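Everything below concerns the one structure shown next.
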Amino acid sequence: MKNIDIKRLLYTHLLCIFSIILSIFIPSVFLENFSILETHLTWLCICSVFVTAVNLLLYVVVKPSASAKRSSLSYKVTRFLKCCIYFLMSCFVFHVIFVLYGAPLIELVLETFLFAVILSTFTTVPCLCLLGPNIKAWLRVFSRNGVTSIWENSLQITTISSFLGSWFGAFPIPLDWERPWQVWPISCTLGATFGYVAGLVISPLWIYWNRKQLTYKNN
Amino acid sequence: MRLGCGAFAAGCVAVEVLGVALFLRGFFPPPVRSSSQPAPPAAPEPSAGASSSGTKLLPPLFGKVVVMLIDGLRDDFVFGSKGVKFMPYTTYLVEEGASHSFVAEAKPPTVTMPRIKALVTGSLPGFVDVVRNLNSPALLEDNVVTRATAAGKRVIFYGDETWVKLFPKHFVEYDGTTSFFVSDYTEVDDNVTRHLDKVLKRGDWDVLILHYLGLDHIGHISGPSSPLIGRKLSEMDSILMRIHTSLQSEEREALSPSLLVLCGDHGMSESGGHGAASLEEVSTALLLTSSAFSRKPGEVRPPERVQQTDLAATLAVGLGLPIPQHSVGRFLFPVMQGRAMREQLRFLHLNAVQLSRLLQASNPVYEREPGFEQFKMSERLHGNWVRLYLENNNSEVLLNLGAKVRRQYLGALKSLSRAVSSQVAQYDIYSMVLGTVVVLEVLALLLLSIPQALGAAAELEVPLSPVCSLLFYLAFLLLWAMHVVVCTSAERSRYLCSLTWPMAGGVLALVSALLCGVLSALTRTCVDGKLLRRNPTPSSWRWSELDFLTLAGTAGHVLSLGASSFIEEEHQTWYFLVSTLCLALCHESYRACFLGEDGEPRHCSSPASALQDRSVSCDVLELDQACQSPSSLDGLGGREKYMALASPWLVLGCCRLLRSLNQTGVQWAHRPDLGHWLTSSEHQAELSILSALSLLAIFALVQSRCSPLSKGALALGLLGVYCYRTATGHLLFPWQQDSKDLSSDLALGRACFCYALLSSIPVSAYIVLVTALRYHLFIWSVFSPKLLYEGMHLLVTAALCLCFTAVGRSSTKADTGRIARC
């Protein structure tokens, strides 16, 4: 049971990584002069769309949250709308936090906002898919000893590693190397992407490694 | 004997300040300065007071001087195989022309600006320079260029902008080139060369200085073995040929000969960089060419090794100027070889007098220096020689005696120059090591006594057992023996050796006492650990995220100090870490608020420990408001709770405001900021509104009935007044044995301890870092100022700790006195 779950987790994560790789290579077929550094904003949009799509697809196909009870269409629609609102809110909250961290307030608004969007894609979208628009559940997952399944455990790891990645991505900005990727927000978005990918790779391995120690309340 | 932890921390920091001071004394050797500020008059010729002709300044040796400075000209670029291959004309000059070639040794840091200073002043950069250069870029020290300008010479300069910054008003004509674009190695040199034709034709100047940057840029881009180097050297060779032929053709018309100097400011390492003290980086080429030099045909000599500082004295002598006061060099004697004996001796005497003045100013026991004795003797001989000369004595005897005096002088100059320059040239490693040892021992002591200081009693035992004292004497004896060995073996003067022996003994006793303290603390910790393992008690200490964040932030900050660009933008690190801490606090408080029951029991069960680690984070960033919020969350309700939840965001907003208020650092310092916007004249209305609003806010805060903030402030103020009245004896404390006072005293001591610990970790780490990076390119411009700031910060910390401890001590004393009276 558990091993099968871990395998499924690994496959879904590999699919997510694959979507990020696709977002790097597919646009260069259709668009001229496409490169991550020079047309960074385009790449950000495409990557966030790809990752969101794959997450939604996985949610529909795999159904990890396993809510058995049937629900009406209107309930589903309101739930979806709520999710959209939550996503937008998280984008704005991230934007505010970036500004508080020192991002320029008036210039480069679009860049900052797209960074917020991509970070929300890496963190909020999986949360919304897995937990739904439910603040209590979110707080439970992100507090100590509040995890109830390996899906939530991996969610915790990927989210934290995305945050850490973007946090570390801010470090090269004040250095005087004069590289093209030191421009705001490229190093941060790249850091977030690397963090997300690292989290996707690490979490199944970590769960596999600690499968004996991990006991969940529901299992 | 027991000691409160506040007093302990204060004592530790005070000792640490001593250690840092010792380190700084070793790291910044004091510059050699002669005592008299105005330039002393030229010393008269030692001729037993007979003639007055000796006191006047000597005429210049050369009419025109051209200094062609090529940045990064290593010695083998001219004298090695590269020189033969790419610089044919220069090689011809070296081998057959009327020239003298040398390998000039530059002192580290081998960076352009200190090297230029060494070339024109003949002195070496010291502590005072670092402090002075924080604000004023102009060179204020006595130097050749200033002297030449003062003597009415017309100086023209083309090349690196650094010169223009150093001498803003000295050149009659200049064109500065910025060395900012390292990738450009053609434009920087064309910018210099384009003026050459005009200037060489005009000839209405006395000194021409050219500074070519291209070679150094190529070195930075692709290293010393790249093919670009050869092309650049050929270009330089052709320029040298142009200047030399033009000077020669001019000389035929004018009577006085001219001098052409080709030199480098520093060398180039095998990877193309510079700044450190490797042989490739300190060896530079130096070539002096003039028609005045006589040269026997067919005579080939390997270039002599001299000091780079010697050039300043040579240039001064060549232009007929007094030698710069603080120059530690001796002038290059081969330049003088064709002159009359009397003149030669006169110049040697002038240089020796200048050096001996420097020695007298820097060394209290200068009479014992061998160079000084030699100088006195040669001066006496010189006097005899002059007397013989004036009496028109036999020329044979005169010549022999003159040669003897000259030899004497040259030997004296050599030892004098070495004695003077050894004081500034190098770091005083011995003082640095002792200072570092003191600082590290204090840090170890602080770290080892954490459990006791933050324990229930908050008191520490002072080890006075016989074993400890035995250990102390042993360590003291060993250190004393080491001190004697170091002081007797070293040929260089060291600061600690020049101290009187009780002072040095005091320092050594301090080191050994600290060692004993560390060792006893270590054994105690080990014993405690063993005891704890034998009967394990459930430890209440758990690592929370905040503890981890505080520690990691401190460690990360210390690590970031290893990179010069992080030091330049250190405020960014602080803002970033403060924002992170605020967000973490926010997370904590939200979790405690919404999941109160599920959260850790730490908040309600053990408020003391919670308070304790809060106090750590408080001390790091002094965000009292934000820190207090989570720990006191449970006891609050309604409005206070929301305030607690909002306060991290408030602090974050204030930080952001602060960040945009004043752009500082290096990279973004030019960006517009709020402070400038407000103080500019067209925004006076906004500024007045803002200040009126903030004044109103203060007024409202004070006026409002029961704001906890104003209450606290009022209470503190009233308490201060009350304490003052008590101290003068008019009032009495109403309480007898109040535990509250004791606990506040305890908390103060603990806070003191934490503060001391957290400020001494970066200092000790930074000292070790700077020692490791002492040959870094930016050691003078970035790391040393930061070191001074760190030392100052530690001093402030020590003062604060002492102040707090004194306050705590006096209040406790008053308390106990009161108890005794009752």
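The values are calculated or read from the model by the stated rules, or taken from the named source; none is laboratory data. What you see is a predicted model; the values in this text were computed from it and never measured. All Cβ positions, even for glycine, are placed from backbone atoms using ideal geometry, and neighbour counts span all protein chains on display. Ligands, DNA and RNA are excluded from the accessible area calculation, which covers all protein heavy atoms including side chains. Shrake-Rupley method; radii C 1.70, N 1.55, O 1.52, S 1.80 Å.
Listed values, structure above:
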| item | result |
| --- | --- |
| Conditions (1) touching a Cys at 6+ places or on another chain (Cβ under 8 Å); (2) open to solvent by 20 Å² or more (accessible area, probe 1.4 Å); (3) among the hydroxyl-bearing types (S, T, Y); number of the one not met by A:T159 | (2) |
| Output for segment A:102-154, where each listed residue is among the hydroxyl-bearing types (S, T, Y) and open to solvent by 20 Å² or more (accessible area, probe 1.4 Å) | A:T148, A:S149 |
| Residue match in segment A:29-40 (condition: surrounded by 16 or more Cβ atoms within 10 Å (Cβ to Cβ), at pLDDT 85 or above and over 30 Å from A:Q182 (Cα atoms)) | no |
| Failed criterion for B:A150 (all others in (1) of a type outside the set (F, W, Y); (2) farther than 17 Å from B:L319 by Cβ; (3) free of Cβ contacts under 8 Å to residues at least 40 places away in the same chain hold) | (2) |
| Tabulated pairs, segment B:575-587, first facing another protein chain (nearest Cβ under 8 Å), second open to solvent by less than 30 Å² (accessible area, probe 1.4 Å) and of a type in the set (G, A, S), C-beta under 8 angstrom, 6+ apart or interchain | B:Y575/A:G102; B:F576/A:G102; B:F576/A:A170; B:S579/A:G102; B:T580/B:G553 |
| Selection status of B:M113, open to solvent by less than 10 Å² (accessible area, probe 1.4 Å) and assigned by the TED database to the domain that holds B:Y185 | no |
| Lone qualifier among B:L583, B:L577, B:L551 - being over 32 Å from the mean Cα position of the chain (by Cα) and under 22 Å from A:G165 (Cβ atoms) | B:L583 |
| The one condition in (1) buried (at least 22 other Cβ atoms within 10 Å of the Cβ); (2) at pLDDT 75 or above; (3) not aromatic (F, W, Y) that B:V32 fails to fulfil | (2) |
| Qualifying positions in segment B:669-687 - loosely packed, with under 11 Cβ neighbours inside 10 Å, over 35 Å from the mean Cα position of the chain (by Cα) and among the polar types (S, T, N, Q) | B:S681 |
| Some residue of segment B:368-386 being under 30 Å from B:L140 (Cα atoms) and free of Cβ contacts under 8 Å to residues at least 40 places away in the same chain | no |
| B:L559 being farther than 30 Å from B:Y766 by Cα, at pLDDT 50 or above and within 14 Å of chain A (Cβ to nearest Cβ) | no |
| Residue that is most open to solvent (accessible area, probe 1.4 Å), among those in segment B:756-783 that are modelled with pLDDT of 80 or more and among the hydroxyl-bearing types (S, T, Y) | B:T771 |
| B:L595 within 11 Å of another protein chain (Cβ to nearest Cβ), under 30 Å from A:L175 (Cβ atoms) and at pLDDT 65 or above | no |
| Residue in segment A:172-183 that is within 19 Å of A:A116 (Cα to Cα) and part of a helix (DSSP H, G or I) present | yes |
| Only one of B:V199, B:V188, B:V192 that is farther than 23 Å from B:H266 by Cβ, in a helix (DSSP H, G or I) and open to solvent by less than 20 Å² (accessible area, probe 1.4 Å) | B:V199 |
| Output for segment B:147-168, where each listed residue is surrounded by fewer than 17 Cβ atoms within 10 Å (Cβ to Cβ) and under 17 Å from B:I116 (Cβ atoms) | B:E161, B:K165, B:P168 |
| Given (1) within 14 Å of chain A (Cβ to nearest Cβ); (2) open to solvent by 70 Å² or more (accessible area, probe 1.4 Å); (3) at pLDDT 75 or above, index of the condition B:V651 fails | (2) |
| Enumeration of residues in segment B:382-400 that are in a helix (DSSP H, G or I) and either in the same structural domain as B:F333 (by the TED database) or surrounded by fewer than 19 Cβ atoms within 10 Å (Cβ to Cβ) (or both) | B:G383, B:N384, B:R387, B:L388, B:Y389, B:L390, B:S395, B:E396, B:V397, B:L398, B:L399, B:N400 |
| Any hit, segment A:116-134, residues being facing another protein chain (nearest Cβ under 10 Å) and either in a loop (DSSP other than H, G, I, E, B) or of a type in the set (K, R) (or both) | no |
| Pairs with Cβ under 7 Å, 6+ apart, first in segment A:92-108 and within 9 Å of another protein chain (Cβ to nearest Cβ) and more than 19 Å from B:T580 (Cβ to Cβ), second open to solvent by less than 40 Å² (accessible area, probe 1.4 Å) and at pLDDT 90 or above | A:L105/A:V99 |
| Residues (open to solvent by less than 80 Å² (accessible area, probe 1.4 Å), more than 17 Å from the chain's Cα centre (by Cα) and not hydrophobic (A, V, I, L, M, F, W, C)) located in segment A:79-101 | A:R79, A:Y101 |
| Condition check for B:R330: open to solvent by 10 Å² or more (accessible area, probe 1.4 Å), touching a Ser or Thr at 6+ places or on another chain (Cβ under 7 Å) and not aliphatic (A, V, I, L, M) | yes |
| Flag for B:Q354 being among the polar types (S, T, N, Q), open to solvent by less than 50 Å² (accessible area, probe 1.4 Å) and outside any helix (DSSP H, G or I) | no |
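Rundown of residues vs (1) closer than 20 Å to B:R115 by Cβ; (2) open to solvent by less than 10 Å² (accessible area, probe 1.4 Å), yes/no style:
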| position | (1), (2) |
| --- | --- |
| B:V261 | yes, yes |
| B:G275 | yes, yes |
| B:R301 | no, no |
| B:R305 | yes, no |
| B:A312 | yes, yes |
| B:L315 | yes, no |
| B:G320 | no, no |
| B:V335 | no, no |
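For every residue, the table says whether it meets (1) farther than 25 Å from B:G97 by Cα; (2) exposed (fewer than 15 other Cβ atoms within 10 Å of the Cβ); (3) touching a residue at least 60 places away in the same chain (Cβ under 8 Å).
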position: B:I218; (1), (2), (3): yes, no, no
position: B:S225; (1), (2), (3): yes, yes, no
position: B:I239; (1), (2), (3): no, no, yes
position: B:L247; (1), (2), (3): no, no, yes
position: B:E253; (1), (2), (3): no, yes, no
position: B:S271; (1), (2), (3): yes, yes, no
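A quick yes/no check of all residues on (1) at pLDDT 85 or above; (2) part of a loop (DSSP other than H, G, I, E, B); (3) surrounded by fewer than 13 Cβ atoms within 10 Å (Cβ to Cβ):
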residue	(1), (2), (3)
B:C487	no, no, no
B:E491	no, yes, yes
B:A513	yes, no, no
B:L532	no, no, yes
